[in-house]
Amino acid sequence: MKKLQEGHPVLKVNQLAISVLNKGSIHSITEDITFEIHIGETLAIVGESGSGKSITASAIASLLARPLTVTHGQILFQGTNLLEAPARYVKSLRGQAIGCVFQDYRGSFTPFIKVGHQLVEVIRTHAQVTHAEAKKMAMDWLHRVKLPAERSFRSYPYQLSGGQLQRIALAAALMLKPALLVADEPITALDVITGRAIMDLMEDLQREVGCAILLISHDLRQVIKRSHRIAVMQNGRLVETGSRDQIRDDPQHPYTQALLRACPRITRKHGPHIQETGMWR
Amino acid sequence: MLLQLFSRMIQLIFVLLMLSIATFLLMKMAPGDPVLTILKASEGAVSQLDQEQVREQLGLNLPLIQQYGLWLWSVLQLDLGRSLVNNRAVWDLMMDRLPATINLTAGAVIVLLLVSVPLGVVAAKYKGKWPDHLSRLFALIGASIPSFWLGLLLVYAFAFKLNWLPTMGSGDIRHLILPSITLGFVMAPEYIRLLRSGILDALSQEYVRAARARGIAEWRILAKHALRAALLPVMTIFGMSLSGLLAGSVVTETLFAWPGLGSMVMEAIIQRNYPVIQGYVLLTGVFVVTANILVDLSYRLLDPRIRAKRGRGV
């Protein structure tokens, strides 16, 4: 793995276009997506469902399945264009240098294999360690995501709650200390309190691991609290990218303004801290 | 679990009772008379008086209900009766034939596994590419060929032309090869297609995507994560195949003169050898229910969710 100097982006996406290729016909899904993420930074891509944000995340994790194809652009991860790099290299990054957490926590682990075994499997795929060492590491990480390690290790996915599964998914994604975590709607399927706890945990672990996070969400309010920079996506295009303060206080694009209005109002009338009014959805 | 086994046992008793009544009635309704077979075997001319005598000896002149009652009573005393043809105990007859059938079953299952698992997995892995087409073609051919014809072809090629293997009969393991291949190949297409669709279904699941995102090797995903999910429906079919195989495959056993249960019951039916047929039907009933229990157990091994669900209630 290349060592990166401070200031260089972990991920740089250049004019990325993704299309559906179907027997000769091309249907464009996203176009001209350009953004970058630096070490320790959280960039959020926000937009309504169908805007192409999850597909962009899939492309970065090189998980696009046919008929979806990248038709143009670059995905530079630590300086290497993943679209042109050998498949073996890209595969070696997955799970090790690029971690993923998805929305569907039920689908993040194979239902009939104990989660402990699945964590060990991931560790041993990427690191030359014995089973005992891998198990110790998995237990350590279960502990770090604040779960009873012994019991969780021996549990099948169906025996765990959504919040617990998402914590283990975070552990699975972060235990090999990736440079980038792609979190695709990680808390959308969870209740508010559990979701908040997961986001707190993710922030803590980010500080610990030092990774960059690409956070995909439809929820601008969460995103304003949790990310450093925000990119707003509409109909497959990034319509506005800026720091969270700028997006919150001075949105330029009408769609961003509409998204902000769709959220519970956030005002700064009463001092520098954020005050929230209104109901949660 | 014990409770479940117990309920299965009760079920077994009912199945056997119904089965025996049905076969008993159907046998009596079918044309043909065992008395004639017995007498023809011993003497040339058969008088009406002789027939009546033998019929009385065997109790075949009694009302049906009484005949069934007598049979059931002796079965409850663990006596399946004696063959009308050679007066041997039905139980001994069946136990003579069972080992050959078990050998053939094992051989057929091995062939089945060797053929269907690789072809099913490869078809799913290379969906839409030439290995998939090849496997589809194979499945189509296998499903279209009747077992007796395939058996004859194999005998022609490997026994007659190449002279590698014996044409028929039993003895050493070489006798087992052609009948096993015949049975295994004919069963394989169903399993190939079922495995393929099961694996494809599993591969489209979120958990496979998650495993890929974690960098797990593709073959490992296939073998550990997808194949296991695909095995559940396969086990259901396998339970049926297994009980069918253990009951003996009439066609293949007859074709290869294989001394198993299938060819035994074939002879018994031709001779209207009622006690043998009844005993055989009971035995196959036991096989079917046992195979079902084994399938249930395999479910519990394959899917922990089933283990939990069943463990709580039932």
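Read-outs: derived from the displayed coordinates by stated rules, not from any lab. Quick caveat: nothing in here was measured; it's all calculated off a predicted structure. Reconstructed Cβ throughout: ideal geometry from the backbone, glycine too, with neighbour counts over all protein chains shown.
If you take every DSSP beta bridge whose two residues both sit in the protein assembly as shown, what share of them, in percent to the nearest 5, is antiparallel?
Values: 29 of 48 bridges.
That works out to approximately 60 percent antiparallel.
Just the projected area, averaged over all directions, of the convex hull on the alpha carbon atoms of chain B: how many nm²? Can you show the working numbers first?
Values: hull surface 85.4 nm².
Projected over every direction and averaged, the Cα hull of chain B covers 21.3 nm².
Taking DSSP loops as anything outside H, G, I, E and B, show the longest stretch in chain A free of GluC sites (Glu not before Pro) there with at most 14 other beta carbons within 10 Å. The partial results should precede the final answer.
Working: sites that count: A:GLU6, A:GLU48, A:GLU84.
By the stated rule (loop sites, at most 14 other Cβ atoms within 10 Å), A:85-281.
Enumerate the amide H contacts of A:ILE213 below 5 Å, restricted to partners 5 or more residues apart or on another chain; note that Pro and chain-start residues carry no placed amide H.
Under 5 Å from the amide H of A:ILE213: A:GLU41, A:THR42, A:LEU43, A:LEU181.
Trypsin sites (Lys or Arg not before Pro) within the stretch A:60-99: which are DSSP loop residues with at most 14 other Cβ atoms inside 10 Å? Walk me through the intermediate numbers first.
Values: sites: A:ARG88, A:LYS91, A:ARG94; in loops: none.
Answer by residue number: there is no such site.
Between A:ALA132 and A:ALA189, what is the spin-label point distance in nm, taking each point 7 Å from the Cα along the Cα→C-beta axis?
Result: 3.7 nm between the two label points.
Within the P(r) computed for the stretch B:5-131, what percentage of the Cα pairs occupies the region above 18 Å?
When all Cα pairs of the stretch B:5-131 are counted, 72 percent exceed 18 Å.
Work out the mean other chain Cβ neighbour count within 10 Å for the residues of A:108-121 and drop it here as an integer.
On the way: counts 7, 6, 14, 8, 13, 6, 1, 0, 0, 1, 7, 1, 0, 8.
What the average comes to for A:108-121 is 5.
For B:TYR274, B:TYR68, which order do you get if you count the other beta carbons within 10 Å of each Cβ and list the fewest first?
Working: B:TYR274 23, B:TYR68 17.
Fewest-to-most ranking of B:TYR274, B:TYR68: B:TYR68, B:TYR274.
How large is the Kirkwood hydrodynamic radius of the stretch A:89-201, in angstrom, based on all distinct alpha carbon pairs?
Values: mean 1/r = 0.0716 Å⁻¹.
About 14.0 Å for the stretch A:89-201.
Hey, if you put +1 on the Cβ of every Lys and Arg and -1 on every Asp and Glu Cβ in chain A, which of A:ILE33, A:GLY79, A:GLN96 ends up farthest toward the positive end of that dipole?
It is A:GLN96, whose Cα lies furthest towards the positive end.
Going by the alpha-carbon gyration tensor, a ≥ b ≥ c the square roots of its eigenvalues, is the protein assembly as shown rounded (a/c under 1.5) or, if a/c is not under 1.5, prolate (a/b greater than b/c) versus oblate? All intermediate terms of the calculation are to be shown ahead of the outcome.
Numbers: a/c = 3.40, a/b = 2.56, b/c = 1.33.
Cα axes put the protein assembly as shown in the prolate bin.
Build a GNM of chain B with springs between Cα atoms under 10 Å: which of B:SER116, B:SER243, B:SER298 gets the top mean-square fluctuation?
B:SER298
Along the Cα→Cβ direction, 7 angstrom out, place labels at B:GLN11 and A:ASP245. What is the inter-label distance in nm?
7.0 nm
For A:ARG196 paired with B:LEU78, estimate the spin-label separation in nm (one decimal), with each label point 7 Å from Cα along the Cα-to-Cβ line.
That separation, rounded to one decimal, is 7.1 nm.
Taking every alpha carbon pair in the stretch A:9-276, what does the distance histogram look like in 5 angstrom bins from 0, in percent?
Per 5 Å bin, starting at 0, the Cα pair percentages come out as 1, 6, 13, 16, 18, 16, 13, 9, 5, 2, 1, 0.
Run the helix sum for chain A: -39,500 (n - 2.57) per DSSP H stretch of 4+ residues, divided by residue count, reported at 222 nm to the nearest 500 deg cm²/dmol. Walk me through the intermediate numbers first.
On the way: 10 runs with 99 residues, N = 281.
Using -39500 (n - 2.57) per qualifying helix, the result is -10500 deg cm²/dmol.
What FRET efficiency comes out for A:ILE39 versus A:ALA65 if R0 is 22 angstrom and r is the Cβ-Cβ distance? Round to the nearest 0.05. Please list the in-between numbers first.
Numbers: r = 30 Å, r/R0 = 1.35.
Here the calculated transfer efficiency is 0.15.
Give me the percent of DSSP beta bridges within the stretch A:9-276 that run antiparallel, rounded to the nearest 5. Please list the in-between numbers first.
On the way: 28 of 47 bridges.
Percentage antiparallel, nearest 5: 60.
Over every pair of different alpha-carbon atoms in the stretch B:41-102, take the mean of 1/r and invert it; report that Kirkwood radius in Å. Before the final figure, lay out the partial values.
Working: mean 1/r = 0.0726 Å⁻¹.
13.8 Å is the Kirkwood radius here.
If you rank A:MET137, B:MET264 by fewest surrounding Cβ atoms within 10 Å, what's the result? Each step should come with its number before you reach the end.
Numbers: A:MET137 19, B:MET264 26.
By the 10 Å Cβ count, ascending, the order reads A:MET137, B:MET264.
Sketch the reach of a paramagnetic label on B:LEU25 as a point 7 Å from Cα along Cα-to-Cβ, and name the residues of the stretch B:48-68 whose backbone nitrogen lies under 12 Å away.
What the label zone holds, given the 12 Å backbone N cut-off, is B:65.
Would you kindly derive the ³J(HN,Hα) couplings of the stretch B:118-125 from the backbone phi angles with the Karplus curve 6.51 cos²θ - 1.76 cosθ + 1.60 (θ = phi - 60°), listing them in order in whole Hz, with x for Gly and Pro?
x, 5, x, 5, 5, 4, 6, 5
Each residue of the stretch A:127-138 in order: what ³J(HN,Hα) in whole Hz does its phi give by Karplus 6.51 cos²θ - 1.76 cosθ + 1.60, θ = phi - 60°, with x for Gly and Pro?
Whole-Hz 3J(HN,Hα) from phi for the stretch A:127-138: 10, 7, 10, 6, 4, 5, 5, 4, 5, 4, 5, 4.
Per the helix-only calculation at 222 nm, which mean residue ellipticity applies to chain B, given -39500 (n - 2.57) for every DSSP H run of n ≥ 4 and division by its residues, nearest 500 deg cm²/dmol?
Numbers: 14 runs with 233 residues, N = 314.
Helices in chain B give a 222 nm mean residue ellipticity of -25000 deg cm²/dmol.
Listing B:TYR156, B:TYR280 from the residue with the fewest other Cβ atoms within 10 Å to the one with the most, what is the order? Can you show the working numbers first?
Details: B:TYR156 12, B:TYR280 25.
Ascending number of Cβ neighbours within 10 Å: B:TYR156, B:TYR280.
Considering chain B as a Gaussian network with a 10 Å cut-off on Cα pairs, which listed residue, B:SER20, B:SER47, B:SER263, attains the greatest mean-square fluctuation?
The residue with the greatest mean-square fluctuation here is B:SER47.
Under a 5 Å amide H to amide H cut-off, with H placed in plane at 1.01 Å, what residues pair with B:LEU165 once short-range neighbours are removed?
Placed amide hydrogens put B:ALA159 under 5 Å from B:LEU165.
Take the alpha carbon gyration tensor of the stretch B:182-314, find the square roots of its eigenvalues, order them as a ≥ b ≥ c, and report rounded if a/c is under 1.5; if not, report prolate when a/b exceeds b/c, else oblate. If you can, show how the numbers build up before the last one.
Working: a/c = 4.83, a/b = 2.04, b/c = 2.37.
Note, shape of the stretch B:182-314 comes out oblate.
Using a Gaussian network for chain B with springs between C-alpha atoms less than 10 Å apart, which of these wobbles most: B:ALA143, B:ALA100, B:ALA30?
Among B:ALA143, B:ALA100, B:ALA30, the largest GNM mean-square fluctuation belongs to B:ALA30.
Tell me, what HN-Hα J-couplings in whole Hz come from the Karplus equation 6.51 cos²θ - 1.76 cosθ + 1.60 at θ = phi - 60° for each residue of the stretch B:53-64, using x for Gly and Pro?
Rounded to whole hertz, the list is 4, 4, 4, 5, 3, 7, x, 7, 8, 6, x, 3.
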